[in-house]
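To start, the structure under review is shown below, and the notes come after it.
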Amino acid sequence: MSILVLNDGSSSLKFGLYDSTREHPHRLARGSFTDLDDEPAFRAFDDQNHPLNNEHVNVANQEQTITWLLEWLAKTLPGNSIQAVGHRVVHGGALFSSPVHLTATVLKQLYAFIPLAPLHLPHNLEVIRTLQSKQPNLPQVACFDTAFHHNMPFIEQMYALPRHWFDKGIRRYGFHGLSYEYIASVLPDHLGSMAEGKVIVAHLGHGASLCAMHQRRSVATTMGFTPLDGIPMATRPGNLDPGIITYLMREEKIAVNDLDHMLNHECGLAGLSNSSGDMRELLADSKPESTEAIDYFVHHTHRAIASLAGALGGLDALVFTAGIGENSSTIRESICKATNWMGVEIDIDANKQHQTLISQPDSRISVWVIPTNEEQIIAQHVHSVLRSKIP
Ligand code: ADP
């Protein structure tokens, strides 16, 4: 018996297959479809990270992609019939603070949240609907990227707008919650009792944000009403004066949809460098614009760390995770050097070797590299939701 975890982006679909018999489900296989808009490719690995597949696939839409995956799983890993499916869902609005079983009523509520995440949520819901129509009796569970931040203090959730907008849902939701929840769950394994202290987790990937935790709960985060806010990302700008938006609409007559597209796909590292939003490519490039884009990223991440430390009233530990955070010793070193005044003392060699603890023994703030695993936390949630339904 197994749990299938699906994490779909706009042009990719990642999956994990987990043994559902244990409380901490064990991963049997993982993989992804990439380049779904253009030349779809499929790669998969077993539990030992040995390749199971790597091929171009002929799938034209989400229904064909899901059908292809289910058939491939049945053929490649027979004897692991899927008992339930867990989805990473980008937005749970003000309503959902924990994972939910996807009933018809819940699905209807989620459709109402599409205006909150018009670029991501329709994809999520399409995959859920496709599975529902193919296998109506298969339980599906939604796990929300916003849920981990649901109980942030009021002054972190509120924008200084007329109050009635808060009631209409205009508030700071925060994202990357499944990644932060996973890190929070493993923090004691690394930090011991300090895990309950003041910790900032920097999820630095294609999308990037930071979360301030106290007692392993989110108390502040950089992303806001949408995932555009906070630090600069691959193609999103991060913090922006809202006056820029009204100026561009009024004076440059840029339409709302074009603005949406620009803000989500043409800004951040890609906009600054005028070439690429991919950190690895920028680091390998010597053009001044690429260097400036990296400097901007480091500077604003440093500012965010200082700001979140202010929200926490101090800082015990800094954790790096996700693509850039886990793999780029150069970016980690630059951020740690920028935060040296706060009490961060990096161990250059430990950092270069990608060790888990990368600060000096006497650093006032310890610094860690902990790989995230959103699929694992989703599998755990599905396991709990299934168990809670059994009387
Ligand atoms: P996503 O948000 O799509 O899940 P990831 O967490 O996979 O993104 O992070 C992707 C980012 O990580 C890209 O900018 C990529 O260049 C960067 N990255 C991955 N490996 C390295 C590396 N060794 N050095 C620098 N950047 C890296």
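Just so it is clear, none of the values below were taken in a lab; they were calculated from the coordinates. Computed from a predicted structure; not experimentally measured. Note: ideal-geometry Cβ built from the backbone for every residue, glycine included; neighbour counts use all protein chains shown.
Close amide H contacts of Phe320 (hydrogens built in the peptide plane, cut-off under 5 Å, sequence separation of 5 or more or a different chain): Ala202, Trp368, Val369, Ile370. The relative contact order of the chain comes to 14 percent, based on Cα pairs under 8 Å that sit 6 or more residues apart.
With an 8 Å cut-off on Cα pairs and a minimum separation of 6 or more residues, tell me the relative contact order of the range 241-391 in percent. For the range 241-391, the relative contact order is 15 percent.
The Cα center of the range 254-315 and the Cα center of the range 346-363 differ in position by 25 Å. Computed from phi, the 3J(HN,Hα) profile of the range 84-91 under the Karplus parametrisation 6.51, -1.76, 1.60 (θ = phi - 60°) reads 6, 10, x, 10, 7, 10, 5, 9 Hz, with x in place of Gly and Pro.
Once you've got the GNM for the chain with C-alpha springs shorter than 10 Å, pick whichever of Gly325, Gly93, Gly197 has the biggest mean-square fluctuation. With Cα springs under 10 Å in the chain, the top fluctuation among Gly325, Gly93, Gly197 is at Gly197. Close amide H contacts of Tyr159 (hydrogens built in the peptide plane, cut-off under 5 Å, sequence separation of 5 or more or a different chain): Arg172.
You can think of it this way: the chain between Leu248 and Ser384 has 44.2 nm of extra reach, that is 0.36 nm per residue less the Cα-Cα gap. Under 20 Å from the 7 Å Cα→Cβ point of Gln355, by amide nitrogen: which residues of the range 181-209? Correct set: 187-195. Summarising the label geometry, the points placed 7 Å from Cα in the beta-carbon direction at Asn61 and Gln215 lie 5.0 nm from one another. In sequence order, the range 45-52 has phi-based couplings of 9, 8, 5, 9, 6, 7, x, 9 Hz under the Karplus curve 6.51 cos²θ - 1.76 cosθ + 1.60, θ = phi - 60°, and Gly or Pro positions carry x. Springs join every pair of Cα atoms under 10 Å in this Gaussian network model of the chain, and among Leu269, Leu240, Leu28 the largest mean-square fluctuation is at Leu240.
Comparing Leu17, Leu308, Leu36 in a Gaussian network model of the chain, where Cα atoms under 10 Å apart are tied by springs, the biggest mean-square fluctuation is seen for Leu36. Within the chain, the selection of entire DSSP H helices by a Cα span of 30 Å or greater along the long axis and an average Kyte-Doolittle value of at least -0.5 returns 288-312.
Label positions at Arg22 and Ala284, each projected 7 Å from the Cα along the C-beta direction, are separated by 3.7 nm.
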